[in-house]
Every structure is written in structure tokens, then in C-alpha cells.
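The values are calculated or read from the model by the stated rules, or taken from the named source; none is laboratory data. Being a predicted model, the structure only gives us computed values, none of them experimental. Don't worry about glycine lacking a Cβ; one is built from the backbone with ideal geometry, like all the others, and counts go over all protein chains shown. Quick note on the areas: whole protein, heavy atoms, side chains included, nothing else; ligands and nucleic acids left out. Shrake-Rupley method; radii C 1.70, N 1.55, O 1.52, S 1.80 Å.
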Amino acid sequence: MSNTNNRVANPFAPTGAVSTPTNGQATAMTDQARAVAEVQAALMIAKMNPRDPIKAMDRILNSCTRPTLADAATYAYARGKSNVTGPTIRLAEAIAQGWGNIQYGIREVSQTADVSTVAAYAWDVETNTRREVVFQVPLKRDTKKGSYRLTDSRDIYELVANQGARRLRACILGVIPGDVVEAALNQCAVTQKAHIDMTPEGLQKLAESFAQYGVSKAQIEKRIQRRLDAIQPAQVISLRNIFRSLREGMSTASDWFEPIEISSTEEAQKKGAAGLKAKLKKKEASIEAIPPSTDEQPLPEEEIATQTIAPEDQPDAGAPEPDPWIAGYEAASKA
């Protein structure tokens, strides 16, 4: 008896046929082999070109001397009664580029009509340290009037990229030493202080930038506990971080600024002025509502004709008045 008769048949294989890879399986195997080759090549290149920590730190600090990067290096938002600050995704990317031998990015794993599954990762190929986060993004947008589902591809892409940037920042900072990040933040703070516009025009522009979010100059001065023209450079940096948080939608103006309360004297003055205006308007309305007097109304033409005095009845202003003795003598003569 041959050995072939002792083999157990594959229960998943079709009867009378040998299972062979399909075209889809062959493509998947090819992609898998390519991915393995890319990983091996990245590890080999990193081992052949190890990073120099001194040069890498110099590259990071030099990048942080740019004012544009320093201004966008930190974020801030209010959580309860405390303020949370930290490095932004822009600073995290600059640190990763200067540190070297790091691969990072965002990829979409799957997408349905309601949710998108996304993975953010950062991989230090030299130390083989990897940090990956898989999360889901609901494809909807919340507004004050309610929520609605996103259908436009551009809106979906921007939503996924915005949500993925926060996870990517955490992944990058998870594979880079903490003292490197701290040194980068300190250098950004020094750069900001050296390039702060403390002129009256610059401070006026800062106040106008907050006005678009309903924050008045009085509220800014109440937060910094001094007049705006006496602000310190560190306070300008703090206000810039707050403005960036408002612009990116991470917080609202009420989280940072207290409403200005009106004193009782000012409130009484406003009420008195408003009451005086209301009285004047009421008086003007009552005067307009009074009908004209009947004495001043013109008389009808019939009454005017009856009250007209005839010319012969009117006394002659130039003739002398008659003597009463003469008038009596003439009357006696006639009798």
C-alpha cells in the first residue's frame, strides 16, 4: 500500500481538486513580502547610520529659533479650574525630523458610512521603539443646532486629519526622550520673548484679534491684572497660546475670560438715561396726538358773510362827532 493512501484529505479543499492560491491571495502575499522587505531595509539603514545625539539636539534647537515655529510650538486649553499646555503637532514633527531615524504618520484602516477607523503611529527604527494608536472617528459634525452626517470627501478627510493629528502628536512624543522635548520648549520660549511686538500697534492688533471672539480690552486687562500698555512679554506669550486655542476650537472665550460686571452707579446712570429718553419720547408722542384747537379753525364762508359789516354802517373815522344840543334842537323843530 502506498503512502498516499494514508494521507488525510483536506476537509476544506474541493473534492477532486487541489487548492491553489487565487489572484487576490497572490496579490496579498506580494504586498506582505514588500512590507517585510521595507521594514528590514529601514532597520538596516538605521543600524548603518546611527544618530548622533549632539548633532540631532543642535538641529532641533536651531529649528526652534525660527519665530514662526516658536509661535506655533505650544497649545493651551482650560480643563476645569486648571490650564493645560503642551507641545503642538508642529513642534512634535520638527523634533522628529531633527532627531532622525523615525517613521510616523496616519493611515485609514477602514471606513463605513458612519465611522472611520484610523491608526496613528510613530516608530524609532534605530531603537525599534514603536507607538501606535487605533481609534474611530464618527463621520458627523456637531453644531449648536444639532448634528449632521458628513458626506463630502473633503470634509471627511479634514475631520480625520484633525482627529489623527492629536493622536500622532502623542505617538511622536512617546518615542522621543522627554528631556529633548523640554529643551525644545525652552528654546521656543526664548525665541518668542526675543521676537515679541511690544509696540502700541502690536498690542492694539493683539486686542483686535481677541475682539472677533467677543473678548473686550477690559476683559484682557482683568485677566492680566494690569493695563494693556503695561503688559509683560510672558503675558503676551500666554495670550497668544490662548488665542491659538480659541482659533483651533479647543476652548471658548468663557473658559479664559470673566465677564465684566457693571457697577451699581453705572447701572443706575444707564437706567436713568434710558428712563429720561423714554419720558421724552412719550411726551413727544402725546403732543403729536393732541388735535388742533377749535378757536383757531377758520369759519365757514356763510358765517363770514353774516358777520361782515356793511360799508355804510361803518363810522367815518375822519368826520367829527355830532353836537348833542344841535341834535336835540333839530328833533324839536321837526315835531
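Here's the yes/no breakdown for (1) more than 16 Å from residue 86 (Cα to Cα); (2) open to solvent by 60 Å² or more (accessible area, probe 1.4 Å); (3) among the charged types (D, E, K, R); (4) not in a helix (DSSP H, G or I):
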position	(1), (2), (3), (4)
215	yes, no, no, yes
229	yes, yes, yes, no
237	no, no, no, no
246	no, no, no, no
251	no, no, no, yes
254	yes, yes, no, no
259	yes, yes, no, yes
Original post:
Applying the selection to region 46-82, what residues are touching a residue at least 40 places away in the same chain (Cβ under 8 Å) and out of contact with any helix residue (DSSP H, G or I) (no Cβ under 8 Å at 6 or more places or on another chain)?
Top reply: 46, 47, 49, 50
Original post:
Looking only at region 152-201, which residues are part of a loop (DSSP other than H, G, I, E, B) and open to solvent by 20 Å² or more (accessible area, probe 1.4 Å)?
Top reply: 152, 177, 195, 196, 197, 198, 199
**OP:** For residue 121, indicate whether it is open to solvent by 70 Å² or more (accessible area, probe 1.4 Å) and aromatic (Phe, Trp, Tyr).
**Re:** no
Original post:
What number of residues within region 69-125 satisfy the criterion of being in a strand (DSSP E or B) and not acidic (Asp, Glu)?
Top reply: 30
**OP:** Output yes when any residue across region 74-94 is open to solvent by less than 20 Å² (accessible area, probe 1.4 Å) and over 26 Å from the mean Cα position of the chain (by Cα), and no when none is.
**Re:** no
Original post:
In this structure, is residue 227 modelled with pLDDT of 80 or more and out of contact with any helix residue (DSSP H, G or I) (no Cβ under 7 Å at 6 or more places or on another chain)?
Top reply: no
Original post:
What is the residue count in region 126-151 for residues that are open to solvent by 90 Å² or more (accessible area, probe 1.4 Å) and outside any strand (DSSP E or B)?
Top reply: 4
Original post:
Could you give every pair whose Cβ atoms fall below 7 Å, whose first residue belongs to region 237-262 and is closer than 11 Å to residue 75 by Cα, and whose second residue is β-branched (Val, Ile, Thr) and open to solvent by 40 Å² or more (accessible area, probe 1.4 Å), counting only separations of at least 6 or pairs across chains?
Top reply: 241/85
